[in-house]
1. For region 5-48, give me each residue that is part of a strand (DSSP E or B) and either touching a helix residue (DSSP H, G or I) at 6+ places or on another chain (Cβ under 9 Å) or not hydroxyl-bearing (Ser, Thr, Tyr) (or both).
2. Take the conditions in contact with a strand residue (DSSP E or B) (Cβ under 9 Å, 6 or more places away or on another chain) and open to solvent by less than 10 Å² (accessible area, probe 1.4 Å) and apply them to Gly92. Does it pass?
3. For region 3-45, which positions are of a type in the set (S, T, N, Q) and modelled with pLDDT of 90 or more?
4. When region 89-141 is examined, which residues are found to be assigned to a loop (DSSP other than H, G, I, E, B), within 21 Å of Asp12 (Cα to Cα) and touching a residue at least 60 places away in the same chain (Cβ under 8 Å)?
5. Output the residues belonging to region 29-66 that are farther than 22 Å from Gln13 by Cα, surrounded by 18 or more Cβ atoms within 10 Å (Cβ to Cβ) and β-branched (Val, Ile, Thr).
6. Does region 109-146 hold any residues that are within 20 Å of Phe6 (Cα to Cα) and open to solvent by less than 20 Å² (accessible area, probe 1.4 Å), and which are they?
7. Based on what the data block shows, is Val70 surrounded by 13 or more Cβ atoms within 10 Å (Cβ to Cβ), under 30 Å from Glu126 (Cβ atoms) and in contact with a helix residue (DSSP H, G or I) (Cβ under 9 Å, 6 or more places away or on another chain)?
8. Taking region 147-159 as the region of interest, how many residues are within 20 Å of Leu7 (Cβ to Cβ), of a type in the set (Gly, Ala, Ser) and either open to solvent by 20 Å² or more (accessible area, probe 1.4 Å) or part of a loop (DSSP other than H, G, I, E, B) (or both)?
Amino acid sequence: NSTWRFLDDGSDQTGSGWNESAFDDSEWREGNGGFGYDSTVEATIMDFGDDPDNKHITYYFRRKFLVGDVSSVNGLAANLLYDDGAIVYINGVEAARVNLPDGPVTSNTSALSASLEGVYEALNLEDAIGFLQNGENTIAVEVHQADAASSDISFDTDLISTNTDGME
């Protein structure tokens, strides 16, 4: 139920820096998770465009979060719900990729296959601990459909850190 900024207008954000902390997302829509259309998780309904047979392929999400002391973070994970593929960024650096081809992606890059609705995937993001900074940080996620005629989209996630004192 956390609040995210999101873009669901079909635009290509490649090269805009949309996934970086300094990006100005104040013109983006805002809503609470989960996100989607024709799925079981949506608290916020996404726009798929004017043609139900040629929907947007890619949707973008951003959320700020605070880290008090990076040196105390010894674990980082996420439970990610996505339909059909996703890339997770921490402060502009790719932290995880699921069901998308290797290499650069654009708003027209399709997921490798359709995914099952309502299944959360546990992601180990320990390698992304080095991307964190003390103070404000940004998690950004792009979600891609397998094809433009897809019947639904869904997105939801959490970000979980463990600290040297064992607290989450």
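1. Of everything in region 5-48, those that are part of a strand (DSSP E or B) and either touching a helix residue (DSSP H, G or I) at 6+ places or on another chain (Cβ under 9 Å) or not hydroxyl-bearing (Ser, Thr, Tyr) (or both) turn out to be Arg5, Phe6, Leu7, Arg29, Glu30, Gly31, Asn32, Phe35, Gly36, Ile45.
2. For Gly92, the condition - in contact with a strand residue (DSSP E or B) (Cβ under 9 Å, 6 or more places away or on another chain) and open to solvent by less than 10 Å² (accessible area, probe 1.4 Å) - is not met.
3. Thr3, Ser11, Gln13, Thr14, Ser16, Asn19, Ser21, Ser26, Asn32
4. Of everything in region 89-141, those that are assigned to a loop (DSSP other than H, G, I, E, B), within 21 Å of Asp12 (Cα to Cα) and touching a residue at least 60 places away in the same chain (Cβ under 8 Å) turn out to be Asn91, Gly92, Pro104, Val105, Thr106, Ser107, Asn108.
5. The answer is Val41, and nothing else.
6. Selection gives Ala111, Asn137, Thr138, Ile139, Ala140, Val141, Glu142, Val143, His144, Gln145.
7. So Val70 passes the test.
8. 2
The values are calculated or read from the model by the stated rules, or taken from the named source; none is laboratory data. Note that this is a predicted model, so its numbers are computed, not measured. No Cβ is skipped: glycine too gets one built from the backbone with ideal geometry, and neighbour counts run over all protein chains shown. Quick note on the areas: whole protein, heavy atoms, side chains included, nothing else; ligands and nucleic acids left out. Shrake-Rupley method; radii C 1.70, N 1.55, O 1.52, S 1.80 Å.
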